[in-house]
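For reference, the structure discussed in these notes is given below.
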Amino acid sequence: MHELTADLVAFLSAGMSFIAAGRDAELRPRVSRAVGLRPGADRRTFTVFVADQAGAALLAVLAPDAPLAVTACEVATHRTVQLKGVVTAVRPARVDERAAIETQAGGYTGSLAGIGLPLPVVRRLVTWPATAVEVRLDAVFEQTPGPGAGRPMGAS
């Protein structure tokens with residue numbers, strides 16, 4: 001099992017572009033923008049938040065033991081990592097998690113505005129209601145464009 005480094009925990013806590021992907025029983029991909037991610041205190045788990053309406057197709061195929069991949073991309077630099085793991089639980093996001101979701105989504109929309117997208121447009125991102133998908137981390141990959149893309153984090 002992989003463990004998130006302190007650097008990755010800090011990176012994932014900033015305003016990122018998050019994309020979550022799973023698959024249905026026929027192995028067809030289901031993809032959705034995620035609206036937040038919280039690394040677990042143990043650094044071996046994480047919770048990704050998916051808006052219910054926008055993520056309905058993905059959420060419909062997620063259950064315990066389902067594989068899940070999440071990419072986190074820093075808009076301004078394109079620094080990107082991919083987390084892969086197995087779903088351990090799917091539950092409605094709690095009201096006490098909403099502020100953190102909105103803070104992360106606000107960081108994302110702010111970064112989009114910072115590269116020139118109109119703020120009234122990017123603020124249309126719907127974050128609530130959301131579903132929390134709890135995941136056991138199995139691997140982390142470098143996905144920043146360049147020669148190291150696809151390499152497991154920590155590999156040379």
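The values are calculated or read from the model by the stated rules, or taken from the named source; none is laboratory data. As the structure is a prediction and not an experimental result, all values here were calculated from the model. FYI the Cβ positions are ideal-geometry reconstructions off the backbone, even for glycines, and counts take in every protein chain you see.
Quick notes on this one:
- Some residue of the stretch 89-111 being closer than 16 Å to G36 by Cα, out of contact with any helix residue (DSSP H, G or I) (no Cβ under 7 Å at 6 or more places or on another chain) and among the aromatic types (F, W, Y): yes
- Filtered by the rule that a residue be among the aromatic types (F, W, Y) and not in a loop (DSSP other than H, G, I, E, B), the stretch 112-153 gives a lone residue, F141.
- Scan of the stretch 107-132 for residues that are closer than 30 Å to A63 by Cα, aliphatic (A, V, I, L, M) and surrounded by fewer than 17 Cβ atoms within 10 Å (Cβ to Cβ), ordered by number: L125, V126
- Restricting the stretch 34-53 to residues that are over 14 Å from V90 (Cβ atoms) and under 9 Å from the mean Cα position of the chain (by Cα), the residue that is surrounded by the most Cβ atoms within 10 Å (Cβ to Cβ): G36
- Any chance D42 is at pLDDT 90 or above, charged (D, E, K, R) and assigned to a helix (DSSP H, G or I): no
- Residue within the stretch 9-27 that is free of Cβ contacts under 8 Å to residues at least 24 places away in the same chain, surrounded by fewer than 19 Cβ atoms within 10 Å (Cβ to Cβ) and not aliphatic (A, V, I, L, M) present: yes
- When the stretch 67-80 is filtered for residues that are modelled with pLDDT under 95 and more than 12 Å from the chain's Cα centre (by Cα), the ones remaining, listed by number, are V75, A76, T77, H78, R79.
- Those residues of the stretch 15-39 which are touching an Asp or Glu at 6+ places or on another chain (Cβ under 7 Å) and assigned to a loop (DSSP other than H, G, I, E, B), in sequence order: M16
- Taking the listed residues V135, V95, the one that is at pLDDT 95 or above and touching a Gly at 6+ places or on another chain (Cβ under 8 Å) is V135, with no other qualifying.
- Within the stretch 49-95, tally of residues that are more than 30 Å from I115 (Cβ to Cβ), among the polar types (S, T, N, Q) and not in a strand (DSSP E or B): 0
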